């Protein structure tokens, strides 16, 4: 038995981050933006404390500036530029992601 290590597979923290991501998405779709923000903040904190990366989908659909869960057309604007996508939150925060 190895001490201090998680068993092979997905850790409890990674499962919790995934579940919080789903809850944030559902809350944002239902219009409860403040609850969605709380889920986003909690997921980020779990990831930090366990030194885990956030899932790509979660990172791309959350605002780093205000922790909102972004829904294109509702609280986020999505634009394509030369070789990248620019996502702008209602708070004014920008995120740029490359594409091929």
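The values are calculated or read from the model by the stated rules, or taken from the named source; none is laboratory data. Nothing here was measured: the structure is a model prediction, and the numbers come from that model. As a convention, Cβ positions derive from the backbone with ideal geometry for all residues, glycine included, and neighbour counts pool all protein chains shown.
Report whether or not residue 31 is out of contact with any strand residue (DSSP E or B) (no Cβ under 9 Å at 6 or more places or on another chain) and surrounded by fewer than 15 Cβ atoms within 10 Å (Cβ to Cβ). Here the answer is yes, as residue 31 does meet what is asked. For segment 39-77, what are the residues that are touching a residue at least 40 places away in the same chain (Cβ under 8 Å) and more than 24 Å from residue 99 (Cβ to Cβ)? Across segment 39-77, the qualifying residue is only 52.
Checking segment 18-26 against the condition returns a match, with at least one residue being touching a strand residue (DSSP E or B) at 6+ places or on another chain (Cβ under 8 Å) and modelled with pLDDT of 95 or more. Taken over segment 65-100, the criterion of being outside any strand (DSSP E or B), out of contact with any helix residue (DSSP H, G or I) (no Cβ under 9 Å at 6 or more places or on another chain) and under 20 Å from residue 41 (Cβ atoms) is satisfied by 65, 90, 91, 92, 93. Would you mind stating whether residue 54 is under 9 Å from the mean Cα position of the chain (by Cα), modelled with pLDDT of 95 or more and crowded, with 16+ Cβ neighbours inside 10 Å? Here the answer is yes, as residue 54 does meet what is asked. In this structure, residue 45 does not satisfy being in a loop (DSSP other than H, G, I, E, B), out of contact with any helix residue (DSSP H, G or I) (no Cβ under 9 Å at 6 or more places or on another chain) and either surrounded by fewer than 13 Cβ atoms within 10 Å (Cβ to Cβ) or at pLDDT 95 or above (or both).
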